[in-house]
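The values are calculated or read from the model by the stated rules, or taken from the named source; none is laboratory data. Everything quoted here is computed from the prediction, not taken from an experiment. Please note: Cβ atoms are built from the backbone with ideal geometry, for glycine as well, and neighbour counts cover all protein chains shown. Please note that ligands, DNA and RNA were not included when accessible areas were found on the heavy atoms of the full protein model with its side chains. Shrake-Rupley method; radii C 1.70, N 1.55, O 1.52, S 1.80 Å.
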Amino acid sequence: MTKKNIKDLSISELESLMSELGIPSYRVAQMLKWLYQGCVRSFDEMTNFKKELRDTFRAGYCLSAPVLVAKETSEDGCVKYLLKLSDGNCIESVIIPDKGRNTLCVSSQVGCTMACRFCLTAKQGFVRNLTVGEILDQVIYTKEQLAPGRITNIVFMGMGEPLLNLDNLLSAIKILSADDAFGFSVRRITVSTCGIVPKLIELCEKTDVAVAVSLNAADDDTRRKIMPVNNKYPVAKLIEACKRLPLKKRARVTFEYVMIAGLNDSISDAKKLTKLLAGMRCKINLIPFNEHPDLGLKTPSNKVIREFQQYLVDKNYTAILRSSRGVDISAACGQLKGRIVKP
Ligand code: SAH
């Protein structure tokens, strides 16, 4: 029998398991602490569990541990980890240090199905969703690497479309935010999506994490050219849903806008964007397109990007120009590739 990874269990599944095994419920918190604070590698390290109890867990469960395949450090301080999963596939996670913060960018899938034209992950196709444990292992692994430094923020902006792995994403978020486990405030966790409307609504109904929507164009003609998802969830539908998201009082949706030369970077595009988002409490993150020879698209000049930003600012939008981080090690937005094992 292959053993199940205990880190794949959600908190409620862990609670049910304990109750089925007749183990008192206070052990759930202890287990979470060992797994996610102690970051233990075996049940034997759980020293406040009696031997019989450890044997009980060991009989049916194992503890996953990703294997580091490569680690690259950018000249700007970003560190990219290529981690091998138990089936041989590899995913990438990136630590982005910035002014006392350490943001961890995690992957949610091996590959991606969304086929966005500007993204390198899309090029490699899709293999599978990550399990809950595989999502969390990225945090455990990088947290240990960073110690005594701390991960302060988590962004689901790595490989994959997190909302197409919603159940595992939600279970992972619960563990990330549980005081007995990682204890991250949900406000410090951001989920980024290309705009799967019903799943976005479900996410916001079930958790208070911050949301970022990869808008990238303000009209259907342009967006369709670069994001096939727009055929299913067109701009108007997406924005209407964003306006009605059940967000906490002060929360704002972030719209990401990858700027691509000659495609979505004109002042008339900026104008359309301001009209589209009129009256919304939101923030716009402008991301200069990270070029790659396989993608055949170009980054606009700094002047064009600055003028676009200024137009938005003049119309009273919060428009932040995200500096590209980790470009020299292919760790920037849309550059993560991982490594896929062909079946
Ligand atoms: N699937 C999710 C999360 C992964 S992409 C999503 O679509 O949001 C994370 C961000 O990187 C998205 O905002 C995307 O628009 C951006 N991105 C992708 N490729 C890029 C590239 N080549 N240059 C700059 N940003 C890119």
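Odds and ends about this structure:
- Close contacts from the stretch 228-253, counting a first residue that is in contact (Cβ under 8 Å) with a residue 12 or more places away in the chain and a second that is assigned to a helix (DSSP H, G or I) and surrounded by fewer than 11 Cβ atoms within 10 Å (Cβ to Cβ), with Cβ to Cβ under 6 Å and a gap of 6+ residues or different chains, come to Pro246/Glu205.
- Entry remark, the stretch 113-133: residues being away from the ligand (no atom under 14 Å from the Cβ) and open to solvent by 20 Å² or more (accessible area, probe 1.4 Å) number 4 in total.
- Of the numbered criteria (1) more than 23 Å from Asp220 (Cα to Cα); (2) out of contact with any helix residue (DSSP H, G or I) (no Cβ under 7 Å at 6 or more places or on another chain); (3) assigned to a loop (DSSP other than H, G, I, E, B), the one Gly279 fails is (1).
- Count of the stretch 273-317 residues, restricted to those that are away from the ligand (no atom under 16 Å from the Cβ), more than 28 Å from the chain's Cα centre (by Cα) and either crowded, with 17+ Cβ neighbours inside 10 Å or outside the structural domain of Lys249 (by TED's automatic domain parsing) (or both), is 1.
- Inclusion of Thr254 among residues that are part of a helix (DSSP H, G or I), open to solvent by less than 50 Å² (accessible area, probe 1.4 Å), within 15 Å of the ligand (Cβ to nearest atom) and at pLDDT 95 or above is not warranted.
- When Ala172 is tested against (1) crowded, with 22+ Cβ neighbours inside 10 Å; (2) modelled with pLDDT under 95; (3) farther than 30 Å from Ala236 by Cα, only condition (2) is not met.
- The stretch 179-206, residues that are open to solvent by less than 20 Å² (accessible area, probe 1.4 Å) and part of a loop (DSSP other than H, G, I, E, B): Ala181, Cys194, Gly195, Ile196
- Filter result for Leu85 (in contact (Cβ under 8 Å) with a residue 12 or more places away in the chain, in contact with a helix residue (DSSP H, G or I) (Cβ under 7 Å, 6 or more places away or on another chain) and more than 16 Å from the ligand (Cβ to nearest atom)): yes
- Filtered by the rule that a residue be over 22 Å from Lys237 (Cβ atoms) and either outside the structural domain of Ile267 (by TED's automatic domain parsing) or hydrophobic (A, V, I, L, M, F, W, C) (or both), the stretch 176-208 gives Leu176, Ala178, Ala181, Phe182, Phe184, Val186, Ile189.
- Checking Arg224 against (1) open to solvent by less than 40 Å² (accessible area, probe 1.4 Å); (2) of a type outside the set (Gly, Ala, Ser); (3) within 16 Å of the ligand (Cβ to nearest atom), the condition it does not meet: (1)
- Residues located in the stretch 2-22, provided they are among the aliphatic types (A, V, I, L, M) and in contact with a strand residue (DSSP E or B) (Cβ under 9 Å, 6 or more places away or on another chain): Ile6, Leu9, Leu17
- In the stretch 140-158, residue most open to solvent (accessible area, probe 1.4 Å) [restricted to those that are in contact with a helix residue (DSSP H, G or I) (Cβ under 8 Å, 6 or more places away or on another chain) and without any contact (Cβ under 8 Å) to a residue 60 or more places away in the chain]: Arg150
- Lys99 satisfies every condition listed in (1) charged (D, E, K, R); (2) in contact (Cβ under 8 Å) with a residue 12 or more places away in the chain; (3) under 25 Å from Ile151 (Cα atoms) except (2).
- Evaluation of Asp167 against the conditions (1) within 14 Å of the ligand (Cβ to nearest atom); (2) over 22 Å from Thr73 (Cα atoms) shows that the sole unmet condition is (1).
- In the stretch 207-221, the residues that are open to solvent by 10 Å² or more (accessible area, probe 1.4 Å) and either assigned to a loop (DSSP other than H, G, I, E, B) or within 16 Å of the ligand (Cβ to nearest atom) (or both): Thr207, Asp208, Ala210, Ser214, Ala218, Asp219
- Unique match (being part of a loop (DSSP other than H, G, I, E, B) and away from the ligand (no atom under 15 Å from the Cβ)) among Lys237, Lys249: Lys249
- Selection from the stretch 318-343 of residues that are open to solvent by 30 Å² or more (accessible area, probe 1.4 Å) and assigned to a helix (DSSP H, G or I): Val327, Asp328
- Leading residue by the ranking (farthest from the ligand (Cβ to nearest atom)) among those in the stretch 326-343 that are more than 16 Å from the chain's Cα centre (by Cα) and of a type in the set (D, E, K, R): Lys342
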